[in-house]
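In what follows, a structure is listed as structure tokens, so that the remarks can point back to it.
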Amino acid sequence: MGADRALNYINEMLWHAMMVAGPILVAILIVGLLVSIFQVATQIQEMTLSFVPKLMVAAFLLIAFGPWMITSITQFATTLYLTIPSIGGN
């Protein structure tokens, strides 16, 4: 297997990881920013106020996008496993 082929597989893996984890991470980032602005405006420095909303958003998004995430990862792994015989033949 050539280095260019291995780099291509690594590139695909990183893109799939970003596409799967991206929506949840962006949503948590936005919620964290909004909660931080609220805490600064009201001067409430409660730790659970910053943790619980992010946890709830992450749980909701994992429930909502979970099937799509599993399908995407499974399809990528299946195509990768199906290319193993062609890698060994070269």
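Numbers at a glance
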| read-out | value |
| --- | --- |
| Which label in [x] 3, 16, 29, 29, 18, 5, 1; [y] 2, 12, 17, 15, 12, 10, 9, 8, 6, 4, 3, 1, 0, 0; [z] 3, 14, 22, 19, 13, 8, 7, 6, 4, 3, 1, 1, 0 gives the computed P(r) over Cα pairs in 5 Å bins from 0, in percent | [y] |
| Nitroxide proxy distance, nm - points 7 Å out along Cα→Cβ at GLN45 and ALA21 | 3.1 nm |
| Solvent exposure of region 36-80 as accessible area per residue, Å², 1.4 Å probe | 77 Å² |
| Net lengthening on full extension, ILE70/MET56 (0.36 nm per residue, minus Cα-Cα) | 3.0 nm |
| Karplus (6.51, -1.76, 1.60) ³J(HN,Hα), θ = phi - 60°, over region 32-48, in Hz, Gly and Pro reported as x | x, 5, 5, 5, 5, 5, 4, 5, 5, 5, 9, 6, 8, 10, 9, 5, 5 |
| The chain, accessible surface, carbon-and-sulfur percent (1.4 angstrom probe) | 77 percent |
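The values are calculated or read from the model by the stated rules, or taken from the named source; none is laboratory data. What you are looking at is a predicted structure, and each value in this text was computed from that prediction instead of being measured. Backbone-built Cβ (ideal geometry, glycine too); neighbour counts: all protein chains shown. In case anyone asks, the SASA skips ligands and DNA or RNA and just uses the protein heavy atoms, side chains included. Shrake-Rupley method; radii C 1.70, N 1.55, O 1.52, S 1.80 Å.
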